[in-house]
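The values are calculated or read from the model by the stated rules, or taken from the named source; none is laboratory data. Note that the coordinates shown come from a computational prediction; the quantities given were computed from them, not determined experimentally. Cβ atoms come from the backbone with ideal geometry, glycine included; neighbour counts cover every protein chain shown.
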Amino acid sequence: MDSIVPQLLLCWVVIFTVINLTFGLSQKIRNAGIVDVLWGFSFCAVANFFALTGEGDETRRIFLAVATSLWSGRLGIYLLMRWRALHPIEDKRYAELRKKWGTNANLYMFGMFHWQGALIMIFSPIFAVPTWNSNTGMSLIEWIGLAIVAIAIVGESIADWQLARFKKQSSNEVCQSGFWKYSRHPNYFFQWIAWMGFFLFALGSGGWWTFYCPLLMLFLLVKVFGIPANEKHNLESKGEAYKRYQQTTSSFIPWPRSTKPHD
């Protein structure tokens with residue numbers, strides 16, 4: 001554990017610096033949505049940093065770097081493409097915050113950027129723990145963790161593709177095909193599943209205490225910046241059609257549709 005501390009401290013200094021640089025860039029281009037792109041790529045960068053600086057078994061570090069790069073890199077590319085499609089128009093979420101915060105918008109936006117940076121720091125230990133495991137050979141729990149991450153990557157990719165395809169055909173209606181027939185937010189569900197996979201991978205190296213990572217991410221997705229913001233936007237843009245969708249379809253975990261009201 002002592003060996004991880006300097007590694008974490010250096011990582012956190014880099015994250016703090018990158019957050020400041022990204023905020024400066026957002027001010028220059030007048031588009032805070034760039035922080036979403038940073039968030040998408042951040043865990044790919046963090047995991048690769050730990051894989052390069054850790055002193056544990058090389059094979060395990062390679063698997064961690066590859067799995068995280070595929071997962072986080074795909075998310076980062078998806079968010080980058082979404083941001084570029086909107087730019088120079090700022091994402092509605094951040095535009096509304098600027099309007100709400102008024103003359104204090106820049107100060108509060110700076111705090112919001114660093115809040116996301118703090119979250120990256122809080123989640124980073126789950127990627128550090130495996131890089132100090134010197135045991136050769138992968139345990140069963142680690143293979144299960146990697147398999148879950150792989151399932152999450154495929155599931156999240158399909159969900160994003162299904163939604164993008166639907167939007168090209170009918171941007172003003174509610175997507176209810178594919179995974180979206182069984183969950184209003186299958187992309188968030190599979191994103192959380194990936195965190196469960198990384199937890200199991202860390203658990204194989206004694207990182208049982210990183211259980212807070214998937215739990216915290218679940219809370220953030222379901223109660224803070226994931227589902228609540230998305231639901232609010234969809235209700236404003238799609239109205240009664242989305243209300244009916246809410247009444248028949250699970251909000252998070254894919255589940256058979258029901259005629260009875262859901263949450």
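Within this structure, residue 194 passes the test of being within 30 Å of residue 4 (Cα to Cα) and within 18 Å of the chain's Cα centre (by Cα). Looking across the stretch 98-123, the residues that are within 22 Å of residue 15 (Cβ to Cβ) and aliphatic (A, V, I, L, M) come down to 107, 109, 112, 118, 119, 120, 121, 122. Scan the stretch 99-110 and give yes if some residue there is out of contact with any strand residue (DSSP E or B) (no Cβ under 7 Å at 6 or more places or on another chain) and either under 29 Å from residue 67 (Cα atoms) or assigned by TED's automatic domain parsing to the domain that holds residue 226 (or both), otherwise no. Within the stretch 99-110, not a single residue is out of contact with any strand residue (DSSP E or B) (no Cβ under 7 Å at 6 or more places or on another chain) and either under 29 Å from residue 67 (Cα atoms) or assigned by TED's automatic domain parsing to the domain that holds residue 226 (or both).
Restricting attention to the stretch 167-213, the residues being surrounded by fewer than 15 Cβ atoms within 10 Å (Cβ to Cβ), of a type in the set (S, T, N, Q) and assigned to a loop (DSSP other than H, G, I, E, B) number 4. Among the residues of the stretch 214-247, the one identified as crowded, with 17+ Cβ neighbours inside 10 Å and not in a helix (DSSP H, G or I) is 226. Considering the stretch 110-166, the residues that are surrounded by fewer than 17 Cβ atoms within 10 Å (Cβ to Cβ) and small (Gly, Ala, Ser) include one that is nearest to residue 218 (Cα to Cα), namely 118.
For the stretch 18-37, which positions are farther than 23 Å from residue 129 by Cα, assigned to a helix (DSSP H, G or I) and under 21 Å from the mean Cα position of the chain (by Cα)? 19, 20, 21, 22, 23, 26, 34, 35, 36, 37 - these are the residues of the stretch 18-37 that are farther than 23 Å from residue 129 by Cα, assigned to a helix (DSSP H, G or I) and under 21 Å from the mean Cα position of the chain (by Cα). The number of residues in the stretch 25-67 that are surrounded by 15 or more Cβ atoms within 10 Å (Cβ to Cβ), among the aliphatic types (A, V, I, L, M) and in contact (Cβ under 8 Å) with a residue 40 or more places away in the chain comes to 10.
Here is a check on your reading of the model: is residue 250 more than 13 Å from the chain's Cα centre (by Cα), over 30 Å from residue 125 (Cβ atoms), hydroxyl-bearing (Ser, Thr, Tyr) and not in a helix (DSSP H, G or I)? Here the answer is yes, as residue 250 does meet what is asked. The residues of the stretch 49-107 that are assigned to a helix (DSSP H, G or I), modelled with pLDDT under 95, charged (D, E, K, R) and more than 28 Å from residue 168 (Cα to Cα), listed by number, are 98, 99, 100. Contact annotation: residue pairs with Cβ atoms under 6 Å, 6 or more positions apart or on different chains, pairing a residue in the stretch 155-184 that is in contact (Cβ under 8 Å) with a residue 40 or more places away in the chain with a partner that is buried (at least 16 other Cβ atoms within 10 Å of the Cβ) and hydroxyl-bearing (Ser, Thr, Tyr), are 160/78; 174/242; 174/245; 183/250; 184/249; 184/251. So residue 161 ticks every box in (1) modelled with pLDDT under 95; (2) out of contact with any Phe, Trp or Tyr (no Cβ under 8 Å at 6 or more places or on another chain); (3) within 27 Å of residue 125 (Cβ to Cβ) but one. Which box is left unticked? Going through (1) modelled with pLDDT under 95; (2) out of contact with any Phe, Trp or Tyr (no Cβ under 8 Å at 6 or more places or on another chain); (3) within 27 Å of residue 125 (Cβ to Cβ) one by one, residue 161 breaks only (3).
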